[in-house]
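Only one structure is covered here, and it is reproduced in the block below.
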Amino acid sequence: QICNQHNAEAPNLEQAFHRMAQTEPNLDHDVSWFLLPSYWAKMVVALISFLCFANSYDGDFVFDDSEAIINNKDLRAETPLGDLWHHDFWGSKLSSNTSHKSYRPLTVLTFRINYLFAGGFYPVGFHVINIMLHCTISVLMVDVFSILLGGLQFSNKGRRLNLAPKTSLLAALLFAVHPVHTECVAGIVGRADLLCALFFLLSFLGYCKAFRENKEGHNFSIFWVLVSVILGAIAMLCKEQGITILGLNAVFDALVINKLNVLELIQKLLHKDKSWENSGLLRKGLLFRITLLMTGGASILYIRWRIMGTGPPAFTEVDNPASFADSLFVRAINYNYYYSLNAWLLLCPWWLCFDWSMGCIPLIKSVSDWRIIALAALWFCLIGLICQALCSEDSHKRRILTLGLGFLIIPFLPASNLFFRVGFVIAERVIYLPSIGYCILFTYGFSLLSKQAKKKKILTVAVLGILLINVMRCALRSSQWRSEEQLFRSALSVCPLNAKVHYNVGKNLADKGNQSAAIKYYREAVRLNPKYVHAMNNLGNILKERNELQEAEELLSLAVQIQPDFAAAWMNLGIVQNSLRRFEEAEQSYWTAIKHRKKYPDCYYNLGRLYADLNRHIDALNAWRNATVLKPEHSLAWNNMIILLDNTGNLAQAEAVGREALELIPNDHSLMFSLANVLGKSQKYKESEALFLKAIKANPNAASYHGNLAVLYHRWGNLDLAKKHYEVSLKLDPMAPGTKENYNLLRRKLEQLQKKGG
């Protein structure tokens with residue numbers, strides 16, 4: 001549908017329009033930069049953006065990728081697609097108290113498609129899509145910046161004119177190579193920001209399409225306005241920031257389409273001057289379009305609110321300490337300090353870190369703190385820019401500065417802590433969209449300097465140097481995101497006070513088996529944050545394995561004292577108490593863990609081991625059965641049931657449990673081995689032999705498998721085969737218990753048979 005807004009000057013509007021296009025100041029006029037055809041400009045931007053992040057294509061799943069992708073059941077085919085619309089980004093139910101309420105079903109859907117096409121968790125496909133998305137967004141930025149810097153103007157045939165080809169190319173290059181974008185591109189969970197940005201830009205370009213000129217007058221298309229709202233909704237379903245495009249479209253409409261002078265309009269409203277009605281606000285349909293945008297935005301937010309529920313996200317003090325400060329002054333001053341740090345990351349993206357929480361940025365608690373200077377500098381610059389954006393007599397300058405500030409500030413508002421608490425201090429990924437505003441302001445500043453400078457080539461070389469440095473920084477940072485070890489270690493020099501950085505380095509070392517080094521980093525994490533229960537739990541686990549039980553118990557006891565509902569720490573405390581032979585306390589700890597986490601198969605497994613040690617066989621079997629009900633693939637629980645039933649002479653029951661287990665986990669060689677032992681004792685030699693051989697094929701270097709198969713052959717009378725497997729077993733493990741004795745018995749028997757035969 002097309003709404004025609006006629007006025008007395010409509011017949012001559014097109015001629016007036018082209019005269020305005022020629023007389024309005026052109027940013028490109030004084031800029032010494034490359035002038036390329038639109039197609040080649042986009043090719044250059046695509047190529048350079050690809051080169052920046054290409055080396056991340058074969059990186060691992062790192063940091064948050066584990067929770068959002070590997071451990072997210074919503075990616076698997078067996079999970080109904082409908083569940084994506086009721087779960088958060090991490091796969092938890094939105095109604096859960098532990099949900100972060102991050103509702104991004106379309107992003108999760110793309111992860112699921114990646115997983116299905118790759119046939120599993122292979123990170124290459126995930127990384128390639130992220131790189132392609134950033135390249136696409138960077139190419140779109142050429143068109144977006146040509147509108148923001150050059151204005152929205154059309155030819156006689158309705159084709160949009162690019163009146164700022166040089167500066168739009170420069171701004172797009174600045175965006176494409178900005179190192180702060182590395183987290184979004186090289187970190188797979190950054191897909192949310194990339195998809196959001198893609199539909200954010202498409203919404204803006206769609207809104208611009210609503211204002212094509214034709215011979216009938218100044219028109220706008222309701223269809224394209226509604227398309228813009230729908231694309232904004234899609235952007236929000238990729239990440240929450242997407243909804244802000246509707247506000248930016250309204251700002252763009254007022255400043256570019258209606259060419260409003262905001263300061264003049266405010267003055268007229270304050271003085272009750274009715275001439276504001278003739279300012280174009282009503283004549284060009286601005287209020288109608290803004291009403292459409294507001295109605296669409298309110299509807300989207302209401303639907304999201306209904307799906308998400310009314311409960312706020314659950315965050316802790318370590319995630320965002322300023323938001324938990326009692327003093328309004330402390331909260332306000334620290335929020336503003338965070339804003340200044342975000343601005344600094346845009347200006348000088350050299351110190352980048354995967355996580356800025358947990359003491360990385362100590363709270364400002366007094367005006368005597370020297371960091372107040374950063375706040376003053378930020379607001380000095382912002383107020384100066386706002387004054388120029390409102391008060392300058394140059395309408396072109398007002399428009400560009402206001403759009404630059406709008407794109408810098410408005411997409412950042414959801415992360416500002418102004419409307420609700422967020423779960424981070426600083427997150428580089430949330431600056432992806434605000435960096436558009438930074439690129440506008442940088443490019444405009446460059447054009448002003450070029451206008452004043454006598455030696456424009458020096459300025460051009462300086463900007464080329466900045467671009468080259470950023471490309472190199474992107475490549476370096478992308479390589480750091482390729483593995484958790486490089487990523488975590490890179491943060492040690494940036495945030496040495498961040499307990500989570502030391503924790504993650506320690507966890508990475510522990511996973512690789514370097515326990516001694518891991519202990520050092522876990523201890524430092526606990527020193528930096530004495531309430532860091534996860535570091536205490538992991539450190540306690542390592543000390544338990546090293547048989548340093550006393551300190552392990554102290555750490556785990558402190559962890560559950562700080563966080564009484566920490567189920568994993570309760571279970572680990574129970575394991576330590578069991579090792580210290582304090583069985584009653586261990587049992588109590590296990591049941592406390594199960595109280596706080598009803599579905600806890602590992603805890604039931606350890607509880608079963610405790611009961612087995614106490615000869616409470618029925619209780620042990622029940623505990624292990626609970627573990628297998630909750631987790632049917634819990635091999636250890638199945639094995640222990642078979643072994644306990646075997647040892648207590650319940651061979652028929654042991655056989656039944658073994659067969660049940662193998663139906664659920666048909667390729668588990670340890671279950672084959674346990675069931676083969678039971679069948680051998682039941683004199684089902686043929687079936688037992690088949691299972692032993694299958695287990696040995698799966699794990700040929702297990703000495704016990706060969707030893708027990710040899711015992712089977714020994715009983716069965718296949719003495720040559722028994723001799724062969726005894727010898728293999730002893731070769732693999734010369735100290736294997738009982739094997740040497742059985743082998744000697746067999747040799748004596750063979751010697752006796754030879755003598756009789758002789």
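The values are calculated or read from the model by the stated rules, or taken from the named source; none is laboratory data. Note that the structure is a prediction, hence the values are computed from the model and not measured. Cβ coordinates were reconstructed from backbone atoms using ideal geometry, including for glycine residues, and neighbour counts include every protein chain displayed. Accessible surface is based on the protein model in full, side chains and every heavy atom, while ligands, DNA and RNA are left aside. Shrake-Rupley method; radii C 1.70, N 1.55, O 1.52, S 1.80 Å.
Once the Cβ-Cβ distance between residue 724 and residue 315 is put in as r, and R0 is 60 Å, what FRET efficiency do you end up with, to the nearest 0.05?
0.45
Quick one: 3J(HN,Hα) in Hz for segment 447-460, Karplus 6.51/-1.76/1.60 with θ = phi - 60°, rounded, Gly and Pro as x.
Rounded to whole hertz, the list is 5, 5, 5, 4, 5, 8, 6, 7, 10, 5, 5, 5, 4, 4.
Skip the ligands, DNA and RNA, and give the accessible area per residue of segment 488-535 with a 1.4 Å probe, whole Å².
Normalised by residue count, the accessible surface of segment 488-535 is 45 Å².
Against the longest alpha carbon principal axis of the chain, how many degrees, from 0 to 90 and to the nearest 10, is the axis of helix 601-613 turned?
Between the helix axis and the principal axis of the chain, the angle is about 20 degrees.
Using a 1.4 angstrom probe on the protein heavy atoms only, could you order 694, 166 from most to least accessible area?
Accessible-area ranking of 694, 166, largest first: 694, 166.
If you count, for each residue, the other Cβ atoms within 10 Å and average over each peptide, how do 668-677, 618-627, 323-332 line up from highest to lowest?
The peptides rank, most packed first, as 668-677, 618-627, 323-332.
Determine the gain in length on full extension of the stretch residue 76-residue 329; use 0.36 nm per residue of separation and subtract their C-alpha separation, reporting nm with one decimal.
86.4 nm
Counting only C-alpha contacts under 8 Å and six or more residues apart, can you give the relative contact order of segment 73-113 as a whole percent?
After rounding, I find 40 percent.
Quick check: with the 1.4 Å probe, what order do 134, 534 take by accessible area, largest first?
Ranked from most to least accessible, the order is 534, 134.
Given a 1.4 Å probe and the protein chains all in place, what does the accessible area of residue 726 round to, in Å² to the nearest 10?
0 Å²
Can you list the residues, at least 5 places off or on another chain, whose amide H is less than 5 Å from the amide H of residue 154, using H built in the peptide plane?
Close amide H contacts, sequence-distant or interchain: 161.
What order do 368, 478 take when sorted by accessible area (1.4 Å probe), most exposed first?
My answer, sorted largest first, is 368, 478.
I want the local charge near residue 423. Using Cβ-Cβ distances under 10 Å, sum +1 for each Lys or Arg and -1 for each Asp or Glu among the other residues.
+1
Give the angle, between 0 and 90 degrees and rounded to the nearest 10, that separates the Cα long axis of helix 617-630 from the longest principal axis of the Cα atoms of the chain.
30 degrees
Quick check: pseudo-label points 7 Å beyond the Cα along Cα→Cβ at residue 472 and residue 419, how many nm apart are they?
It works out to 4.1 nm between the two label points.
If each of residue 694 and residue 97 carries a label point 7 Å out from its Cα toward its Cβ, how far apart are those two points in nm?
4.6 nm
Under the Karplus relation 6.51 cos²θ - 1.76 cosθ + 1.60, θ = phi - 60°, what is the ordered set of whole-Hz ³J(HN,Hα) values for segment 400-408, x standing for Gly and Pro?
So the J values, rounded to whole Hz, are 5, 5, 5, 5, x, 5, x, 6, 6.
Give a residue-ordered list of calculated ³J(HN,Hα) values for segment 631-640 (Karplus: 6.51 cos²θ - 1.76 cosθ + 1.60, θ = phi - 60°; whole Hz; x for Gly, Pro).
Values, residue by residue: 9, x, 8, 6, 4, 4, 5, 4, 4, 5 Hz.
Bins of 10 Å, beginning at zero and ending with the bin holding the largest distance: percent of Cα pairs per bin for the chain, please.
Using 10 Å bins, I get a P(r) of 3, 11, 18, 20, 16, 11, 8, 6, 4, 2, 1, 0, 0 for the chain.
Starting from the amide H of residue 220, placed 1.01 Å from N in the peptide plane, find each other amide H under 5 Å away whose residue is 5 or more places distant or on another chain.
3, 5
Given contacts defined as C-alpha pairs under 8 Å and at least six residues apart, what's the relative contact order of the chain, whole-number percent?
11 percent
Of the heavy-atom accessible surface of segment 156-239 (probe 1.4 angstrom), what whole percent is carbon and sulfur?
On segment 156-239, the fraction of accessible area on carbon and sulfur atoms equals 63 percent.
Tally up the carbon and sulfur contribution to the accessible surface of segment 291-375 as a whole percent, 1.4 Å probe, everything protein left in place.
Summing carbon and sulfur atoms, their accessible area is 70 percent of the total for segment 291-375.
How much length, in nm to one decimal, is gained on full extension between residue 348 and residue 615, taken as 0.36 nm per residue of separation minus their Cα-Cα distance?
89.6 nm
Can you send over the carbon and sulfur percentage of the accessible area for segment 517-584, probe radius 1.4 Å, protein chains only?
After summing per-atom areas, the C and S share lands at 48 percent.
Return one whole number: the accessible area per residue of segment 74-211 in Å², for a 1.4 Å probe.
Dividing the accessible area of segment 74-211 by its residue count gives 31 Å².
Based on DSSP H runs of at least 4 residues, each adding -39500 (n - 2.57), what is the mean residue ellipticity at 222 nm of the chain after dividing by all its residues, to the nearest 500 deg cm²/dmol?
After summing the helix terms and dividing by the residues of the chain, the value is -21000 deg cm²/dmol.
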